[in-house]
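To start, the structure itself, in C-alpha cells.
Quick note: the coordinates plus some simple rules give every number you see, no bench work behind them. It should be emphasised that the depicted structure is a prediction, and the values quoted were computed from it without experimental measurement. Glycine also receives a Cβ, built like all others from the backbone with ideal geometry; neighbour counts cover every protein chain displayed.
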Amino acid sequence: MPAQRPSCRRGLSPMGKIKILLTGGTGFLGKQVLPMLREFADVEVISRSETAEVRGDLTRWNAGLNLEALKKKKYDVFIHLAGLYDLAASHRDAFQQNVIATGTALKIARELQIPVFMNASSVAAAVNSPLKMVRPFDLNFSRPFPDPYSESKALAEQMIVNQSMHFKLCINMRLGVLVGDTVNGKIERIDGPYHAPQAFERIRKFIESFPSSFPLPGKKMNRLPLVPVDKAAEAVAGFAKWSQATEATGYQSFHITPKEGLITRDLYLKTLKQLFIPHRGITFVSRAPKTLLTKVSKWTVKFPEEQLNYLLMFPKYDSVSTCDILGEGWCPEFDSYEKSFWRGYNEYISNR
Amino acid sequence: MSTFRIAEISFGRSHWDDSFSYEYVGHRFEVQRFGVNFSVDLVKKLIQNLRMDVDAFALSSLPPVIKLDEKTYVHRQYLEIMGMPCSVPLCDGTGLREISNLNSMIKLIESGKVSPEAGVFFPAAMLSAELEEFLRRSYPGKVFIGDAYSMLGLPLMIQAPVPGLMAFSKLALNVANLKDMRNNTPLAETQIQKMGRSVLASQVERVQYVASDYPFLLLFDSAVEFVRGKDLIVWSHHPAAEKEAQKYAPRSVVNLFPEEYKMSPYMNYSILDATLRLVHGKTAPLSVSEWEELINPRPEVRQMTRQYTVSHRTSTQAKISHGINRVKNILLREKEPDFAFVVHALSHRDLLRIPGLGLLRKMPQKFNDPFDRLVSKTPAIIYGSVQHVISKESGREVNGLIYGLLSTPKVLKEEDPEVTYAKIEKICYDAANRGAKIVGLGAYTKVVGDAGVTINRNSPIPVTTGNSLSASATLWALAEVVKKMNLVKNDPNTGLVDGMAMVIGATGSIGKVSAKLLALTFKKVCLVAPRQNRLDELAAEIRQLAPRSEILTATDANEIAGQADALVTATSAFDQKIIDVMRLKPGCVVCDCSRPLDFDKEDAKKRPDVLIIESGEVLLPGPAQITCDLGLPGKAVYACLAETALLALEGQFESFTMGRDIEWNKVKGIYKMARKHGVELAAIQGHMGIVSDKEIELTRSLALSRLRAKSGSR
C-alpha cells in the first residue's frame, strides 16, 4: 500500500489561528505550554479530566474518542506531551504510558489526518549511544537499557520513525532535565539536580567535619543538560509555529538542551554554598565501578540509584539544529536563573 | 457493514507497532498492534484495559505451543496469558499456523519453487516444530537446527536427525519452561553469544534455506550474517519488518502465509485466526479439523499434515507448567474480595459431599437429623469464590468470597436464631478482615429471625439480603415468560400488554412492588387482598403512577382469576388454598412469590397448560467464574448474590435491602443498575427446577388447544 501523506492544508479557523490537539496538557510541562500555544493557536486538550475539551484516555482503544466527529475539526498539529516521567517506574507502567500510549496517539493522529505530529521524548532515549556528542537521531538497541524508562522512550521514538511516512512532518523533541522556571523556579517534586541539596543536607555534619576535600561521585567536567521548564515550553511552542512555516518533511528530531549545560563540579559547589555548608573543597571519584558509587550513595545519603546513574554519564547533546530554529540564546545557562532555581527549591522544601 | 476491532498484542518488541484496517467478506476490521517487550504483566494489563473495547485479541510472538513426539509442550508464560479472564476470544493462531504452513510448504515443493535437498536451517526449530519435523522426516540429513545457539547461547548447529535429538529437545523444553522468555532469546547479549554469531554464520554456509519468521529473526538485530545470500522462509507479512529484513540481504524471500488471506500488507496467523473466528462467530479455539475446513487442503495433504499437527497427550512439561501456574495463583494472586456472600447446605446430601464424609452415605436414615445437627455446630467454611465480575459500563472488576454454613434448612429453622446470628456475624468479621466491603445473605440465612436486621447491626460491614434484585429478577422472569408464551398481544397504541395481570396479596411489600411494576406493562391490573380500604389506597397510588392502565380491586381472587394472563401471588397463608388452580385461564403464567409456596407440585401436575414459576436467576457480567457449585446450571447465580456484586461494582456499600419489606424505589434502582452493568436473566426457576424453552413451548401448545376447545364448545 503506498503511504498516503495527508496533503499540507492550512486549515485555518475563522480567527486565522491554527488548530492544535494536545495530550499531556495537565503535566509539569503541559501547564506551561498551554498558554503559550493559545497565543497563536486554537488548542484542544485530550485528558481524562471532566473539564477537558476532548475527554479521552490514551490507555483505551482509540483513547475512547469518537474519531469520526473529531475528524471534522481538521486539526493542523498533534502535540503528544503525555507520558510517564519516572526513572524508577516498573517495566509495565513505563511501557504502557510511554510506548503503548504513543502508539495510540499516532493512530489517532493518522485517523484524524493531522499533517504534523510532535512528540516529547527525553535525552534518556539516547542513553545507549556510544558517541561523545550525541546526535538527535541516535538510537541504539543493541545494548541493554539501564532502566525501563529509557527503553520505553527509545522504543516510542523508533515507532514514530517507522510510522513517520504517514505524516507530512514528525517532530521529535528530546527534552533535557527539566527544572523550575526562570521566574520563580516552582517545582512539583524533588528530581534530578534537586537531589543534590537533599543528599548534602543529610550529611551536613559529616561534610563540615571532614578533614580534607570531600569525595563525591561523578566526573568533574561532566555537563548536566538542565532546561528551565518555561524555556522548554517556549521551545515546544516555537516548534509548533515552525512546523507551519517550514518546508521540511519527514522525521525531524531535536535536542531541547542548553548549548553547554551545568558542570557537575559547579552543581556541587553551588549547592554547598547555597546550604551554607563549610567544606575543604571537593574531589571527584570517577574511577571506582559505577555500581559501587551508586550503591554507596544510596546507602549513605539515599540518593536514588537511577538518578545518579544519569548524573554520572551525561554525554554532550548536539543542539545546533535546535538553535537554528529557535535562535542562539533560546536556553539560558544555569548562572542566569540560579536565584529562581534556589527560590523554587526552598519554597518546595518549606511547604512540604 | 459491521466493524470488528482486533487488538494485536505481540509478545516481542514494540518497534513494529502499527495500526491498519482491511475488509474481509463484507466486514471491516480495525487492527492496532501493541508490542510488550516480553512482559507478561503488560499483556495482562492490556487485556484488562482493552477487553471492553475490542472484539478479539490476536496474540502473536507468544512463547510457542510445541507438538513433539505426539505430545504438547507449552511454556508457562503462554498458559498464564491464555488463562486470562476475558469475554472476547484470545487468538494465537497456533493450530492455523501448523496446518497452513505445512500445506503451503508441500505445495511449494511440488511446484519446484522450494527444494529442501539444498538444506534448510532453522535458527529456532522450536518455534515451528511441525515444519522442521516434516522436513526432517522427508529429507533426512538436510535439516539443520540452531536451537542450541538461540536458546542456550552455544554456537552449535545440529544436523538432524542425530541420535538423542529428541531427548535433547525435550530436555531443552523443560529447561526453557523454567526461565522467562526474554532470557532465552539472543537478546540476552553475552560476549559468548556475540562470538558465537560469526561461528554460526560460517557453519550455515552450505545451507540454502533459512526458515524463521520475522519477529524472531529481527531479534538477532544486525547479527544475521547467516541470512546473507540465502532463501529466507517466513510466514507473516509486515511492511516495516520486510524492509528491515532486506538489509540482511537474503537472496529471496519465500512466504508460507496463504496468499488468499492476505487482506492487508500487514498480516499474520494470529490476526487471521481472530478474523476467521469473528467472521464465523466462534469464540472457542478451533480444532484441527475445523481449521482444515476453513483452509481446505487436499485430502492426501490433510492425511500427511495430521501426523505433525495432532497431538494425543499432554506432556509432563505441560503438566508441570500448569502446576507452577496454579501454585503461583494460590500464593501470589489471591485477590482481595470486594464482597462476601453466605450460603448454606440445602440438604443432608449436600453435607455428604464434603470430602471424607462421603463414607456416611450408607448411614441409617434415622441418624440423618442428629448428624445434621452435629455438623451444624462446626464453624462456617469458605466454600468458594466469584471472580472477574466485570461491569459492562465502567469496566470495573470485583471479586467475591462465598461462605458456606454447614446447616441444612431444617436445622436453621429449629435452631435458636441467636445461634445463627452469631455464626453469620463471625463470617462478617472474617470477610471484613479479608477486605470485603459488603456481605450478602443467601437462601435461608436471610429469613432467619428478623431477616438480617440484627446481623446488620452487629456486623462491621454493611449487610444486604438481596431481596430487591430477587423481586426484580422474578418479575423480569415473568415478563420474559409471558413474552415467550406469546399468547397475549401488545397494544400498538400504548405499548402495553393487552391482557390482565393479577396480584394476590397486593398490599404486602412484595405484592405492592409487583403491582406497581405490572401496572407499567399491563393494560389491566387486578389487585386482590383481604381488606378493601387498604386496596383502595393502593389503587389510588398506582393510578397516579400508571395512569394509562386500568386498575381493578377484589377481595376474593377466585371470581376473577379466570381472566388473568399473568398472576403474582405474594401471600403468607399457611395451609390455606388462596386460589383454586383449576379456575386459572389456560396459558396463564403464575409467579409464586409466597413462602411457603401457594402452589405445590400437585397443582402443577393438575394444570400442565399453566406455567408456574418461582424466581429468576441471573448471569453476572464479564467472564465471571464461580469456583463452587451453587446448585444452579452453568454460570447462573442467585439474584441476591448478584445484588451484592452489583452494589460492590457500583461502590455503593450500604445495607441496600434489609428486613422482610422491599421498597419500590430500590427494586427499580437495582434493576436499572443491573441493566447498566450488564446482568442478564439466565434461568427461570419453576417448581421442578429450571424451566426450559421446550417446557414453555409445550405449555403454550397445550394452552392453545384448550383455548380452542373452549371456544369450540361455546
Problem set entry | Loop-located GluC sites (Glu not before Pro) in segment B:505-573 whose Cβ has at most 14 other Cβ within 10 Å (DSSP) | B:Glu559
Problem set entry | Cα-centre dipole for the protein assembly as shown with unit charges at Cβ (Lys and Arg positive, Asp and Glu negative), debye to 20 | 940
Problem set entry | Phi to ³J(HN,Hα) by Karplus 6.51 cos²θ - 1.76 cosθ + 1.60 over segment B:94-105, Hz, x for Gly, Pro | 4, x, 4, 4, 4, 5, 5, 4, 4, 4, 5, 4
Exercise. Assigning unit charges at the beta carbon (Lys, Arg +1; Asp, Glu -1) and nothing else, what dipole magnitude in debye, to the nearest 20, does segment A:1-156 show about its Cα centre?
Worked result: 540
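Using the Cα gyration tensor of segment A:216-278, with a ≥ b ≥ c the square roots of its eigenvalues, what is the shape: rounded (a/c below 1.5), prolate (a/b larger than b/c) or oblate (neither)?
On the way: a/c = 5.74, a/b = 2.58, b/c = 2.23.
Because a/c hits 1.5 or more and a/b exceeds b/c, segment A:216-278 counts as prolate.
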Problem set entry | Note, ³J(HN,Hα) from phi for segment B:43-51, Karplus 6.51, -1.76, 1.60, rounded to Hz, x at Gly and Pro | 4, 5, 4, 5, 4, 4, 6, 9, 4
For this session: Give a quick list of trypsin sites (Lys or Arg not before Pro) in segment B:618-705 that DSSP marks as loop, anything other than H, G, I, E or B, with at most 12 other Cβ atoms within 10 Å.
Result: none
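Starting from the alpha-carbon convex hull of chain B, give the projected area averaged over all orientations, in nm².
39.0
Provide the FRET efficiency to the nearest 0.05 for the B:Glu541-B:Phe653 pair, computing r from the beta carbons and using R0 = 41 Å.
Numbers: r = 31 Å, r/R0 = 0.76.
Step by step, r from the Cβ atoms, then E = 0.85.
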Seminar exercise, completed: Checked segment A:218-337 with the C-alpha gyration tensor, a ≥ b ≥ c its square-rooted eigenvalues, rounded below a/c of 1.5, otherwise prolate if a/b is larger than b/c and oblate if not; verdict prolate
For this session: Report the relative contact order of segment A:179-334, percent, no decimals, based on alpha-carbon pairs under 8 angstrom and at least 6 residues apart.
Result: 38
Exercise. Can you give the % of DSSP beta bridges in chain B that are antiparallel, to the nearest 5?
Worked result: 35
For this session: Run down the aspartates and glutamates and flag those whose C-alpha is under 13 Å from the C-alpha of B:Lys67, throwing out any fewer than 8 positions away in its chain.
Result: B:Glu98, B:Glu130, B:Glu132, B:Glu133
For this session: Report the relative contact order of chain A, percent, no decimals, based on alpha-carbon pairs under 8 angstrom and at least 6 residues apart.
Result: 19
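Averaging sequence separations of C-alpha pairs under 8 Å and six or more residues apart, then dividing by the length of chain B, give the relative contact order as a whole percent. Numbers along the way, then the final one.
Numbers: 1359 pairs, mean separation 78.2, N = 714.
Computed over chain B, the figure is 11 percent.
Helix-only estimate, please: 222 nm mean residue ellipticity of chain B, summing -39500 (n - 2.57) across DSSP H runs of length 4 or more and dividing by its residues, to the nearest 500.
Working: 26 runs with 283 residues, N = 714.
Per the formula, -12000 deg cm²/dmol.
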For this session: Report, in degrees rounded to the nearest 10, the 0 to 90 angle that the Cα long axis of helix B:316-332 makes with the longest principal axis of chain B.
Result: 50
Exercise. By how many degrees, 0 to 90 and rounded to 10, does the Cα axis of helix B:639-650 deviate from the longest principal axis of chain B?
Worked result: 60
Problem set entry | Sparse-neighbourhood loop sites, chymotrypsin sites (Phe, Trp or Tyr not before Pro) in segment A:226-334 - DSSP loop, at most 15 other Cβ within 10 angstrom | A:Phe276
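Mind checking Rg over Rh on segment A:175-219, alpha carbons, Kirkwood formula for Rh?
Numbers: Rg = 14.0 Å, Rh = 12.9 Å.
Rg/Rh for segment A:175-219 comes to 1.09.
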For this session: Could you sort out which of A:Lys168/A:Lys241; A:Lys71/A:Lys231; B:Lys585/B:Lys606 sit more than 21 Å apart by Cα distance in this structure?
Result: A:Lys71/A:Lys231
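Calculate the FRET efficiency for B:Asp416 and B:Arg137 from the Cβ-Cβ distance with a Förster distance of 60 Å, rounded to the nearest 0.05. Mind showing how you got there, number by number?
On the way: r = 76 Å, r/R0 = 1.26.
FRET efficiency, B:Asp416 to B:Arg137: 0.20.
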Exercise. By how many nm would the segment from B:Glu697 to B:Val279 grow when fully extended, if each residue of separation counts as 0.36 nm and the alpha-carbon distance is taken off?
Worked result: 147.3 nm
Exercise. Near the amide H of A:Leu178, under 5 Å away, which other amide H atoms are found, from residues 5 or more places off or on another chain, if H is placed in the peptide plane?
Worked result: A:Val227
Exercise. What is the helix-to-structure angle for A:229-245, meaning the angle in degrees between its Cα long axis and the longest Cα principal axis of chain A, kept from 0 to 90 and rounded to the nearest 10?
Worked result: 30
Exercise. Given the convex hull over the Cα atoms of the protein assembly as shown, what projected area results after averaging over all orientations, in nm²?
Worked result: 55.9
Problem set entry | segment B:48-120 - charge dipole about Cα centre, Lys and Arg +1 at Cβ, Asp and Glu -1, debye rounded to 20 | 40
Problem set entry | Under 5 Å, built H, 5+ apart or other chain: amide partners of B:Val389 | B:Val398
Exercise. Whole-Å semi-axes of segment B:460-524's equivalent ellipsoid, largest first, each the root of 5 times a Cα gyration tensor eigenvalue?
Worked result: 27, 13, 10
Exercise. Taking H as built 1.01 Å from N, whose amide H comes closer than 5 Å to the amide H of A:Val45, not counting residues under 5 places away?
Worked result: A:Leu22, A:Glu53, A:Val54
For this session: Using label points projected 7 Å from each Cα along Cα→Cβ, tell me how many nm separate B:Lys489 and B:Glu23, to one decimal.
Result: 4.3
For this session: Set Lys and Arg Cβ to +1 and Asp and Glu Cβ to -1, take the dipole of the protein assembly as shown about its Cα centre, and tell me which of B:Phe371, B:Ser655, A:Gly185 lies farthest positive.
Result: A:Gly185
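In terms of the Cα gyration tensor, with a ≥ b ≥ c the square roots of its eigenvalues, is segment A:245-291 rounded because a/c is under 1.5, prolate because a/b exceeds b/c, or oblate? Display every interim value, and only then the final one.
Values: a/c = 5.40, a/b = 2.25, b/c = 2.40.
Because a/c hits 1.5 or more and a/b fails to exceed b/c, segment A:245-291 counts as oblate.
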Exercise. For segment A:137-183 and segment B:421-435, what is the separation of their Cα centres, given in Å?
Worked result: 53
Problem set entry | Cα centroid separation - segment B:263-284 against segment B:12-33, whole Å | 10
Exercise. Could you give me the ³J(HN,Hα) list for segment A:341-348, computed from phi with Karplus coefficients 6.51, -1.76, 1.60 and θ = phi - 60°, whole Hz, x at Gly and Pro?
Worked result: 4, 6, 4, x, 5, 4, 5, 4
Problem set entry | Dimensionless Rg/Rh of chain A - Kirkwood Rh, Rg from C-alpha atoms | 0.99
Problem set entry | Distance from segment B:531-565 to segment B:622-675 (C-alpha centre basis), Å | 30
